[in-house]
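Worksheet: one structure, shown below.
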Amino acid sequence: MAETLVTIHSIWRWLVLVGLIAALVYGFTRSSDTPPLDKSTGRPFSFALMILDIQILIGLLVWIAGSGWQLNVFLAWIHPVGMILALGLGHVLVGRATKSGRTGGYRAAAFGLLGTLIIVGGLIPSGAWF
């Protein structure tokens with residue numbers, strides 16, 4: 001079971017990266033005449049975070065099923081805690097930008113996801129990139 005979850009987790013990471021990058025492009029390409037950011041116009045940001053939510057859930061299942069706390073320090077603690085913090089950062093910053101209800105909220109949300117992407121990219125185990 002744990003090996004299957006690891007495989008799913010490994011494949012899903014590409015969806016996470018594509019989703020975050022697509023939401024970044026969406027956020028940074030909005031112009032000043034775009035409608036203000038709200039729940040309906042912020043769906044790409046929500047979708048990217050939903051993909052990351054699922055990845056974190058799968059990762060936690062991998063951690064529990066595979067006794068992750070017994071692995072090396074990076075895989076046991078730094079990777080999971082850092083990813084949860086990245087997810088929290090993304091949700092907080094995108095949520096604040098969406099609640100602002102202004103056109104500049106797109107850029108604010110995109111910068112929030114950029115920070116999330118940087119943390120996520122930095123915490124992917126080095127042997128897992130390809």
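Derivation of every value follows stated rules applied to the coordinates shown; laboratory data play no part. Computed from a predicted model, the values in this text were never measured in an experiment. Cβ atoms come from the backbone with ideal geometry, glycine included; neighbour counts cover every protein chain shown.
Dimensions of the chain along the principal axes, based on C-alpha atoms and rounded to the nearest Å, stand at 51, 22, 21, largest first. Annotation for Ser126 and Met50: the two label points, set 7 Å from Cα along the Cα-Cβ direction, are 3.7 nm apart. Phi-derived couplings, Karplus 6.51 cos²θ - 1.76 cosθ + 1.60 at θ = phi - 60°, listed residue by residue for the stretch 24-29: 4, 4, 4, x, 7, 9 Hz, with x used for Gly and Pro. Compute the acute angle (0 to 90°) between the alpha-carbon long axis of helix 105-123 and the principal axis of greatest extent of the alpha-carbon atoms of the chain; round to the nearest 10°. In the chain, helix 105-123 runs at an angle near 20 degrees to the longest axis.
If I model a spin label as a point 7 Å beyond the Cα along the Cα-Cβ vector, how far apart are those points for Ile64 and Thr4 in nm? Going from the Ile64 label point to the Thr4 one covers 1.6 nm. Taking other residues whose beta carbon is less than 11 angstrom from the beta carbon of Asp38, and scoring Lys, Arg as +1 and Asp, Glu as -1, yields +4. Ordering of 45-58, 83-96 by packing is 45-58, 83-96, highest average first (other Cβ atoms within 10 Å, averaged per residue).
Applying the Karplus relation 6.51 cos²θ - 1.76 cosθ + 1.60 with θ = phi - 60° to the stretch 64-71 yields 3J(HN,Hα) values of 6, 5, x, 6, x, 5, 9, 7 Hz, where x marks Gly and Pro. Here the contact order of the chain, divided by its residue count and restricted to Cα pairs under 8 Å and six or more residues apart, works out to 35 percent.
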